[in-house]
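Nothing in this text is a laboratory measurement; each read-out follows from the coordinates by a stated rule. The structure displayed is predicted, hence computed values, not measured ones. Note that we place each Cβ from the backbone using ideal geometry, even for glycine, and neighbour counts take in every protein chain shown.
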Amino acid sequence: MVEDTSPAQPPEERSLSSRASSATVWVIFARFAQQIIGFARILVLARLLAPDDFGLMGVAISALAVSQLFAVTGFLGSLVQRQGDISHLLNTVWTIELVKNLLIAGILFTAASSIAGFLNTPEATPILQSLAGIFAILGLKNIGIVYLRRQLRVRDEMAITLGSTFLESIVTIILAFTLGTVWALVWGALARSVSLVAISYIVYPYMPRLEFKKAEAVAMFKFARWLSLTAMTLQLIHQLDRLIVAKVLGTMALGFYTVSDRFSLNPVRELGRVGVRVGYPALSTLQANITELRRKSLSTLELSMSVIIPIAATSSILVEEFVPVILGDQWTGAIDVTRVLIAAAIPMTIVELGAIPLVAYGVPKASAGAIVVALITMLITMPLFSDAWGLQGAGSAMALSYGIASLIMLASWRYWLGIRFRHMAKAFLPGLILAAATALPLYAIDSIDMSNLVTTIVGAVMFVAIYGAVAAGLWFTARKGPFQFLVAAFSRKRKSKPATA
């Protein structure tokens, strides 16, 4: 444990702030572009393929998702966190990843008929066997691209992702025209994997080779195992809640819960992906500078709470209006659970983003412990709460699970990083001010007798206007709030030496 000190900001770390902020903008842009490409692809394919085709592909993708739970070894994350020269470790990690992926591909191929039979879709067997090749292909991906993440070269990294996504869309649409079967989707997915591997070698010209050094692998595994546990536990939390709801409450309730989850918690998961992609490598460079690591961690907490808390407060007020407007009157059964899951988004953000500084500092077991507590709490409380209070009980169990885990995460910040609780509390203050400023006027608007559509539109416009004005006021008067990020992202870059791995 280290004690808190008054943070200072040296010039070189302002350069890091600018690079991290710019990288965040690029990640958000790339994620948005991916969603647009995917949406356009679905619009076209929906007219060319039958619903059964999408159903068969969905069965196979679900099996792949389960297999993915065992595919995260944590070695890549270990390379990102490790300081100094990592060139002597690359071939060992690449060999481990390749062997692991080949094993998963072989097991999935062999068990494809049994899996398809268990899911009552034996016709999905050849599809699942073909998609098992994705693991084998991705095992060949260039390990050298880990340098892109270490150096925050997000534009190059996003070129790999967007390039492969675009090629998948082109191949799938062409084959949908010519084949008109589910195999258009299968070959498109395989084409995406092949292009991702190929582009990785174009973007970063490193040629790995088969090599295994036992001592180095064992040393890295001591750190990587906690990353693997964290990733696996988060995936289980994101999947098991739906299984519990389906088991206890049935498929209709699961439909309501799934849609509510997408509106309430998916944005937080996207925020977590941005944090892992940008925040983790950025904070890893500061592990020897605890003062700056504290300051950056608090700054990240302040920014995330400045966004999540006001949106959660506003959404909970307008949920009765925007659910019927956006989804239709048949989805009003999702209103109550949506409101509860919106509240759960706040502690979930603390857990998923709060883990990053701890891992970057070299104590992944602390963050893994908090997330395991969330899983155990959910497994105990969700069946009981769902049976007692229905969908609201399921949402409450999720909120309670993340609430307990968030307290453990913040306590870990105090113990391992030496960040005092009063400084954490100050990081929540801009978000609370923004929430009060935006929610109170919207509460008054919500009480006026207007149609759901008008209330939703007026509420959205008011939120943007008030939020922008108050956020600007916080920046100009106290240098607090979300404008810190915008200023850092678009400020003039200082001249500095190129980052090295």
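Helical runs (DSSP H, four residues minimum) scored at -39500 (n - 2.57) apiece and divided by the length of the chain put the mean residue ellipticity at 222 nm at -27500 deg cm²/dmol.
For segment 413-421, the Karplus equation 6.51 cos²θ - 1.76 cosθ + 1.60, evaluated at θ = phi - 60°, returns couplings of 4, 5, 6, 8, 9, x, 7, 6, 4 Hz by residue, with Gly and Pro reported as x. Within segment 136-219, the trypsin sites (Lys or Arg not before Pro) that combine a DSSP coil assignment with at most 11 other C-beta atoms in a 10 angstrom radius are R209.
Among the chymotrypsin sites (Phe, Trp or Tyr not before Pro) in segment 39-115, those placed in a DSSP loop whose Cβ has at most 16 other Cβ atoms within 10 Å are F70. Principal axis extents of the C-alpha atoms in segment 49-212 (largest first, rounded to whole Å): 52, 31, 22.
Only the Cβ atoms of Lys and Arg (+1) and of Asp and Glu (-1) were treated as charged; on that basis the dipole of the chain about its Cα centre amounts to roughly 2040 debye.
Could you give the longest part of the chain that holds none of the GluC sites (Glu not before Pro) found in DSSP loops with at most 14 neighbouring Cβ atoms within 10 Å?
Working: sites that count: E3, E211.
Free of exposed loop sites, the longest segment is 212-501.
From largest to smallest, the equivalent ellipsoid semi-axes obtained for the chain from the alpha-carbon gyration tensor read 34, 32, 23 Å. Each of the peptides 247-253, 361-367 was scored by the mean count of other Cβ atoms within 10 Å over its residues; in descending order, highest first, they stand as 361-367, 247-253. Evaluated over the chain, the count of Lys pairs having alpha-carbon atoms less than 30 Å apart is 28 (only pairs 8 or more residues apart or interchain). Between the alpha-carbon centres of segment 34-84 and segment 112-178 there is a gap of 7 Å.
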